[in-house]
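Student: So that we are looking at the same thing, I have put the structure below in structure tokens.
Laboratory data are not the source of any read-out in this text; all were calculated from the coordinates shown. Keep in mind it's a predicted model, so treat the numbers as computed, not measured. A quick note on method: Cβ atoms are made from the backbone with ideal geometry, for glycine too, and the neighbour counts reach across all protein chains shown.
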Amino acid sequence: MYVILGGLMRMKEAFRKLIEKAQPAFGFLTNRKAKKGASITYQVVWNLLLLIMITVILGGAFAGAAGAGYFASLVKDEPIRSYENMKKDIYNYEETSQLYFADDVYLGKVRTDLEREEVKLDNVSEYVKDAVIATEDEYFYEHDGVVPKAIMRALFQEVTNSSTQSGGSTLTQQLIKNQILTNEVSFDRKAKEILLALRLERFFEKDEILEAYLNVSTFGRNAEGRNVAGVQSAAQGLFGVDAKDLNLPQSAFIAGLPQSPFGYTPFMQGGGLKDEESLQPGISRMNTVLKRMYDDERISQDEYNKALDYDIVGDFRKPKNDDALENYPYLTNEIQERAKELLAGILAEQDGYEEKDLTGELAEEYKTLADRAIRQNGYRIHSTVDKKIYDAWQKVAKDYPYYGPAKAQMKIVDGKDQEVMEPVEVGAMLIENNTGKIISFVGGRGKNVSINPEVNHATGTIRPNGSTMKPLLVYGPAFEMGKAQPGTILPDVPLYLNPGLGRPWPNNYTMTYNGLVSARYALEQSFNVPAAKLYKDIKDQRPTTYLEKMGFTSLTKDDHVNLAASLGALQKGVSVEENTNAYTTFVNNGKFIDAYIIEKITDKQGNLIYEHKKEEVDVFSPQTAYLTLDLMRGVINNGTATAIKSRLKFSADWAGKTGTGNQFEDAWFVASNPNVTAGIWTGYDTPKSLKASGNLSYSMRTNYLWADLVNAAYDVNPELMKPNSTFKRPDGIVSRSFCAISGLLPSEACSKAGLVDTDLFNAKFVPTQTDKSLGTGRLVRIGDMKYLALESTPEEFSEPGMVLDPDYIEQLFGIKANPSDLIPKKDRWSNVLVAANKMADNGKAPGAPGIKASGGSISWGKHPEGDVIGYRIYKDGKKVGIVKAGDSLSYKGGNGSYHVTAVDIAGKESSPSNVVELGKKEAAEKETAADKDKSKDKDVKKQDEDKKENETEEKPKDEEKPTPDKPEDVDKDKKEEDNNSPADNGEES
């Protein structure tokens, strides 16, 4: 108040002096009377002026106070923000995350509603900076966040509802509006905007504010029709160049977009350029920007004129197929899903949770947060997938001609049952053994073929894995426990391992049995019975824990107790990735290394968010791992997968296993070499039999596709696919001989029988006991049947042999089996007889046989009594030979009188047969030699004519044979398949 009064007094004195100085100019003011009148006038005028000034000052003060109070009331709830808080808010804008193949090869961007890529101001064209400032905020570098004149003008226009409005917001205010406040139109928001703008200018440099503005602003659509924000995404999206390379017209066009991004954008919502008429608003806006740049003296007259004449339409880029999800749907989705899981764990850990806590709603909450972070935070997500191999695999899967036929399946389409043709699908996986890197995979046959193209058959489909389970759940664990070794003998005979069925279970694919076989041979040929029997012997030690250590995540309670699990008949199943990954355990000396696809994740500044670290889980000993690999070598060299050897274009030390699901609904093949493991599955999405007519069996079709994929990877990277080394044999592996009957040390009898084999053993589990299953004896052979000879059996009808003790075998294997089923149908086993195989003696002498003579020989029929083991031939009363019961029942002799007797197992001989003569003819039957020759010639000629006539009439036409795509391959395949064990066509689970 004192200041105001002092000012008024000084103003009064100045006013008085002004009047006095003016008196000489006015003559009427020189006399006293006039002076007195002037003084009165002066007083009146001053008092009036003083009253006006006081009124104005007080009114202004009141208005200012009222305005300040109103402004304060508008911002009273706005918190006082620190520098850190404002920095976080200003730079908290969405940026599209980017995906990469291995070795930093760019894959594409995560699909979002808004594409944005951050750029530093130094990497933005000077034209862009000048265009934005000239258009949006010409006093940007002079003001402190707001321009009072502009604000007053905007307020006046708002109050008067002026139809022509000019913006009152600086770039700083626009940044505040976009990043901290909302787009709401109100005095409340405007007041907060002004306050925050002033505060922001205190904390940040002008270039920092400009950089943030250029990264925040939206710029319409790109050529593909996707929304873009940030000048870098705008430059790439509209013109296909980086922000630093934009020329003047391009810069002016982009700078004009923020006023009406979708009105001025040159591209349509679905992608592609607008028509000429629809492009004009954007071009007119560009010209306005250029004019403002010229008026602000930021460009010269010449630059301005050239820019106006520039053909900006010619610079708009054409749409390109660069959408990662469109080009690589399986891979893009897989990377995003795995990155989401990793980030969910990281975010939860930051909030104090442990991995075990992430279940139910909490897990879903953090997955949602992670998904949002991936779409907004501009991460760089690097994968392990080799682009060239991945591309090659997709081409092989797309072009492969031998999938087999599509089959009808009822599906609900638009709420109605409809029959669709369901194709054979495929899932495949390639993993680097010693790192766990997923090098490539095939998720399916793609959207143009697959019924469910969104399903990743390599990672997301779980199916029973058939006999590929046997090394993982049966032989590997049994070797580790010392319950079996490669030379262990297992019974392949009818067994009732599932008594509830009331019939033998399981069955082999061929529905036949092979007797006593080694573990090696049983796995090579994929016999089911030995595997199930061995699994039953170790099931109480819970071998399924080995599967859990090897990454199986879908096991159920039933899988842990179900004997059928040994054959891959899981209640749910396993993914191709998990099944393939488990096989790498054998190559890694028994250590499981979990497969992975995310190598690392960084933020947009390059800071490391996540990096994969290899962890090893001890599963098997190195000795067990090597022995199992060695068995699986035989699958490819001698067993059910020999077909692939002729299909591969390179050689390597491969070990693998085929597999078939129950009812032939799934076909598998997994194989490893020292560098990589490749696995494949084929089947229908809706399980149904893969069997179909054609030259190739379903298993051959699967194995050949596996080989084609491996060949394609070899073409890209031979060093990866064809290692110079072989599987390294660890210490503790020894070679030992054993008896092929029991697997024990060979006895003298076993050696004499020629039944000694040699195989590899873990030195800890070599056999220590000697076989006692064999004894010497004599046997009687009738065709394929062999019987023990009795003490009274004539030696002439028996032969020496080895006798197998079935009681010993029963005790050794813990089974009750038909003794005759134990002996394999192989040549070296021909002299082995089971002691229980005895022919029953009927207690009486055989009846006399009946014989006849013809053409210099005598012959007779099979004796009706079952205990007859042979026949004695007599000529003129003397024995001249014998014939065993299983041989041809005839005898060729010279002239004389012949009879025959039958001999039984007890040695009893029948009475003589009738007598026949050889070399003596009845006179009525005699013919001259000439007559006989003539008759014979006629008969031969007649037979030749009849034969020729029959061939002419009955010879069928050659059947038309279909020509395959690769006839040489199919012929080779057919031959291969014919030579293979029938188990190559699948194993029943």
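Student: Out of all Cα-Cα pairs in segment 353-454, roughly what percent, to the nearest whole number, are more than 22 Å apart?
Tutor: 59 percent
Student: Oh, and also: Between Ser300 and Lys356, what is the label-point separation in nm under the 7 Å Cα-to-beta-carbon projection?
Tutor: Between Lys356 and Ser300, the simple spin-label model gives 7.5 nm.
Student: Taking H placed 1.01 Å from N in the peptide plane, check which residues at least 5 places from Glu599 or on another chain put their amide H under 5 Å from its amide H.
Tutor: His382, Ser383, Thr384
Student: Output ³J(HN,Hα) for segment 216-224: one whole-Hz value per residue in order, computed from phi by the Karplus curve 6.51 cos²θ - 1.76 cosθ + 1.60 with θ = phi - 60°, and x for Gly and Pro.
Tutor: 8, 4, 8, 10, x, 10, 9, 4, 8
Student: Cβ under 10 Å from Ala565's Cβ, Ala565 left aside: what net charge do those residues give with Lys, Arg +1 and Asp, Glu -1? Could you put the intermediate results ahead of the total?
Tutor: Values: positive: Lys539; negative: Asp558, Asp559.
Summing Lys and Arg as +1 and Asp and Glu as -1 gives -1.
Student: Past 24 Å, Cα to Cα: identify those pairs from Lys437/Lys722; Lys395/Lys614; Lys533/Lys591, in the order given. All intermediate terms of the calculation are to be shown ahead of the outcome.
Tutor: Values: Lys437/Lys722 17 Å; Lys395/Lys614 31 Å; Lys533/Lys591 27 Å.
Cα-Cα > 24 Å for Lys395/Lys614; Lys533/Lys591; rest within.
Student: Please compare each pair in Lys387/Lys645; Lys536/Lys688; Lys320/Lys604; Lys367/Lys416 to a cut-off of 31 Å on the Cα-Cα distance and tell me which ones are over it. Intermediate values should be presented prior to the final figure.
Tutor: On the way: Lys387/Lys645 27 Å; Lys536/Lys688 29 Å; Lys320/Lys604 25 Å; Lys367/Lys416 34 Å.
Lys367/Lys416, as the Cα separations exceed 31 Å there.
Student: Here's another thing I want to ask about it. Put +1 on the Cβ of each Lys and Arg and -1 on the Cβ of each Asp and Glu in segment 458-707; which of Thr660, Thr545, Ser697 then has its Cα farthest toward the positive end of the dipole?
Tutor: Ser697
Student: Something else: If you place +1 on the Cβ of every Lys and Arg and -1 on the Cβ of every Asp and Glu, how big does the dipole about the Cα centre of segment 851-921 come out, in debye to the nearest 20?
Tutor: Computed charge dipole of segment 851-921: roughly 320 debye.
Student: Obtain the nm distance between the two label points defined at Asp618 and Lys206 by a simple spin-label model: each point lies 7 Å from its Cα along the Cα-to-C-beta direction.
Tutor: 6.9 nm
Student: Note down the magnitude of the dipole of segment 814-856 about its Cα centre, charges +1 on Lys and Arg C-beta and -1 on Asp and Glu C-beta and zero elsewhere, to the nearest 20 debye. All intermediate terms of the calculation are to be shown ahead of the outcome.
Tutor: On the way: 7 positive and 3 negative charges, 9 e Å.
Dipole size: approximately 40 debye.
Student: Let me spell out the model: positive unit charges on the Cβ of Lys and Arg, negative unit charges on the Cβ of Asp and Glu, origin at the Cα centre of segment 458-707. What dipole size does that give, in debye rounded to 20?
Tutor: 580 debye
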